[in-house]
Amino acid sequence: MQTFSGTEKISTALYSRESRTLASSIIGKTYPQQLLEDLNSFCERRLSSGLEEILFCELGVGATFGLRLSNGGEVVLKAHPPGHSPDFLKATREVQRHLHRRGFPSPGLVLGPALFGCGVATVDEFLDEGEAADGHDPAVSGSMARTLARLIELARQVSGVEALSQGWNWPARENLWPAPHNALFDFEATAVGAGWIDEIAAESKKLVDEFQAPRVIGHADWSVDQMRFEDKTVSAVYDWDSLRWDKEVVFVGIAASNFAATWHGETPNPPTPEEARLFVADFEAARGESFSENERRAIFAAAVYAVAYMARCEHAVDPERNDVRGSFRETLPLYSEVI
């Protein structure tokens, strides 16, 4: 049996029942040694070097591993669940490649998509410039808003990536919610007590559905957890399978309501409505053009819907409301007043 440095990081990541549920849905494996052997085999076959050390392991929509290889190289492998089609991932890689070549703070591409586990994996260069930051700091949030505006503008130059539409999309008019983003959230089984969330979501979604605008390429998980900062300026952006094709107001609204949230602490502590307004103002300044009244209304409707979606996820795992302090459920009533 081969041994590797840092294996305890995988054991720790797979310790809880919830994490094993995620690992099973993404990779089809829940035993650390099996996963280590699969990672080593993948590295040997596809990266021409064995595995030396596990640098980190995180489970969410996908399973992300920081790896040091036997040849000294460091990469980040992200295993995507079976629902992520190779064509969708190829399209996200094309956009990421374009941004990286133009100096955007995104990792360089190494490989993928390639078969791994019960789905596919992508491999990027290990980009660890900077450090984590507090998204509630106006200097940090301002940099995040400017960086999102730059991403959308640069991505306008990319064509031939229609397969982005195969990823998560804003739900069709007849659907209130999309399929939840991971296996932990069962909306149908936890509908009792969630009616107040559904009502707020339905009202805000109707406003966004009725707003007509061209689609652009943007990032749908624009949160401080997906970035690193140097001197409060964005120095690295991750989670590139969150690229989507949608109306600009959707990306700005989602970002404005989620940018400061973090899942590395006791509570997500999302931005307040006032912080969301400041984020939109910073985005406008970077964009070089103010939003119209109708655009602004659609942006804040998208923000309310995004908060409602996260509140619905919270309800799915805590229907008894054991602790809503610092949560999206605590923040949602405040957001519902802005539309």
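Taking segment 301-337 as the range and being aliphatic (A, V, I, L, M), buried (at least 16 other Cβ atoms within 10 Å of the Cβ) and in a helix (DSSP H, G or I) as the test, the residues that pass are ALA301, ALA302, ALA303, VAL304, ALA306, VAL307, ALA308, MET310, ALA311, ALA316, LEU332. Within segment 38-48, the only residue that satisfies the criterion of being surrounded by fewer than 17 Cβ atoms within 10 Å (Cβ to Cβ) and in a loop (DSSP other than H, G, I, E, B) is SER48. The single residue among VAL338, VAL317 that is more than 30 Å from PHE88 (Cβ to Cβ), in contact with a helix residue (DSSP H, G or I) (Cβ under 9 Å, 6 or more places away or on another chain), modelled with pLDDT under 95 and not polar (S, T, N, Q) turns out to be VAL338. Inspection of segment 53-71 finds no residue satisfying the criterion of being of a type outside the set (S, T, N, Q), at pLDDT 95 or above, on the phi > 0 side of the Ramachandran plot and open to solvent by 30 Å² or more (accessible area, probe 1.4 Å). Being open to solvent by less than 60 Å² (accessible area, probe 1.4 Å), closer than 30 Å to PRO333 by Cβ and free of Cβ contacts under 8 Å to residues at least 12 places away in the same chain is a description that applies to ALA172. Against the conditions (1) in contact with a Phe, Trp or Tyr (Cβ under 9 Å, 6 or more places away or on another chain); (2) in contact (Cβ under 8 Å) with a residue 60 or more places away in the chain, PHE56 satisfies every one except (2). Of the listed requirements (1) at pLDDT below 95; (2) of a type in the set (S, T, N, Q); (3) in contact with a helix residue (DSSP H, G or I) (Cβ under 7 Å, 6 or more places away or on another chain), THR331 misses just one: (1).
Per the listing LEU35, LEU115, LEU99, the residue uniquely in a helix (DSSP H, G or I) and over 20 Å from the mean Cα position of the chain (by Cα) is LEU35. Criterion applied to LEU154, LEU127, LEU99, LEU111 was being free of Cβ contacts under 8 Å to residues at least 60 places away in the same chain, open to solvent by 20 Å² or more (accessible area, probe 1.4 Å) and aliphatic (A, V, I, L, M), and the one residue passing it is LEU154. For segment 52-92, enumerate the residues that are in contact with a Cys (Cβ under 6 Å, 6 or more places away or on another chain) and over 17 Å from LEU39 (Cβ atoms). Residue satisfying the conditions is PRO82 alone.
Rundown of residues vs (1) more than 17 Å from ARG146 (Cβ to Cβ); (2) in contact with a helix residue (DSSP H, G or I) (Cβ under 7 Å, 6 or more places away or on another chain), yes/no style:
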{"position": "ASP246", "(1), (2)": "yes, no"}
{"position": "PRO268", "(1), (2)": "yes, yes"}
{"position": "GLU284", "(1), (2)": "no, no"}
{"position": "GLU295", "(1), (2)": "yes, yes"}
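Pairing each residue of segment 283-305 that is under 21 Å from SER204 (Cβ atoms) and modelled with pLDDT of 95 or more with any residue that is in a loop (DSSP other than H, G, I, E, B) and not aliphatic (A, V, I, L, M), provided the two are 6+ apart or on different chains, yields C-beta distances under 8 Å for GLU284/SER290; GLU284/PHE291; ASN294/PHE211; GLU295/PHE211; ARG297/PHE211; ALA298/PHE211; ILE299/PHE291; ALA301/PHE211.
The values are calculated or read from the model by the stated rules, or taken from the named source; none is laboratory data. These numbers come from a predicted model, not from an experiment. Virtual Cβ from ideal backbone geometry, glycine too; neighbours counted across all protein chains shown. The accessibility values were calculated without ligands, DNA or RNA, using every heavy atom of the protein model including side chains. Shrake-Rupley method; radii C 1.70, N 1.55, O 1.52, S 1.80 Å.
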